[in-house]
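**Student:** Have a look at the structure that comes next, please.
The values are calculated or read from the model by the stated rules, or taken from the named source; none is laboratory data. Note that the structure is predicted; figures quoted are calculated from it, not measured. With ideal geometry, Cβ positions are generated from the backbone for all residues, glycine too; neighbour counts draw on all protein chains shown. Surface areas here come from the heavy atoms of the whole protein model, side chains and all, with no ligands, DNA or RNA. Shrake-Rupley method; radii C 1.70, N 1.55, O 1.52, S 1.80 Å.
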Amino acid sequence: FCKIGNKKIPSKIINETKNFFGFLDINPCSVGHTVVIPKSHIENFLELPKKLNEEFLETCKKIVKKLSAALKTNHFTIGINEGKLAGRAIDHLHMHIIPRFEGDNGGSIHSVVRNKPQKTLDEIYDIINNTK
């Protein structure tokens with residue numbers, strides 16, 4: 001992705017800003033499947049500098065609007081695979097914007113993982129809020 005960000009590898013750019021751009025995924029899940037990346041190397045979501053948060057989200061929103069108009073859909077699955085256990089194959093921050101269509105055989109975000117907790121919501125809440 002760094003080579004794509006530096007334009008050393010060509011891509012089908014859908015939108016570009018100073019620090020980010022979105023391009024068509026070369027292994028799309030759906031027509032118009034777009035990946036949004038920072039041009040410079042940022043590996044993880046938590047490493048994204050605060051000053052770039054707004055530009056990142058605005059870039060994603062512009063792409064959703066563009067895809068929506070072009071592909072005649074208002075339905076999208078949008079997300080980040082953070083880390084290898086979440087399915088990330090490339091160690092570079094990237095947001096997937098996947099247009100959805102009637103009968104596309106996809107599921108919701110809830111269909112990605114099936115690992116029901118053994119603890120109650122109260123126990124989980126306490127663990128999260130009492131960890132320093």
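**Student:** What are the residues in segment 88-100 that are open to solvent by less than 50 Å² (accessible area, probe 1.4 Å) and at pLDDT below 90, if any?
**Tutor:** Arg88
**Student:** Return a yes/no flag: does segment 103-115 have any residue that is polar (S, T, N, Q), at pLDDT 90 or above and within 16 Å of the chain's Cα centre (by Cα). First the steps, then the outcome.
**Tutor:** Step one: list which residues in segment 103-115 are polar (S, T, N, Q), which gives 105, 108, 111, 115.
Now restrict to residues that are at pLDDT 90 or above: 105.
With the extra rule that they be within 16 Å of the chain's Cα centre (by Cα), the set shrinks to none.
No, segment 103-115 has no match at all.
**Student:** Here is a further query. Counting only residues that are in contact with a helix residue (DSSP H, G or I) (Cβ under 8 Å, 6 or more places away or on another chain) and open to solvent by 40 Å² or more (accessible area, probe 1.4 Å), which one in segment 17-38 is farthest from Asp91 (Cα to Cα)?
**Tutor:** Val31
**Student:** Counting only residues that are open to solvent by 100 Å² or more (accessible area, probe 1.4 Å) and not β-branched (Val, Ile, Thr), which one in segment 116-132 is nearest to the chain's Cα centre (by Cα)?
**Tutor:** Lys116
**Student:** I'd like the residue in segment 62-79 that is among the charged types (D, E, K, R) and either touching a strand residue (DSSP E or B) at 6+ places or on another chain (Cβ under 8 Å) or surrounded by 13 or more Cβ atoms within 10 Å (Cβ to Cβ) (or both) and, out of all such residues, is nearest to Met95 (Cα to Cα).
**Tutor:** Applying the filter and picking the extreme gives Lys62.
**Student:** Since Ser108 meets every condition but one in (1) surrounded by 15 or more Cβ atoms within 10 Å (Cβ to Cβ); (2) of a type in the set (Ser, Thr, Tyr); (3) touching a strand residue (DSSP E or B) at 6+ places or on another chain (Cβ under 9 Å), which condition does it not meet?
**Tutor:** (1)
**Student:** Name the strands (runs of 3 or more DSSP E) wholly within segment 17-93 that hold at least 2 residues that are among the β-branched types (Val, Ile, Thr)? Let's see the steps before the verdict.
**Tutor:** Numbers: elements: 20-24, 34-38, 76-79.
Filter on segment 17-93 gives 34-38, 76-79.
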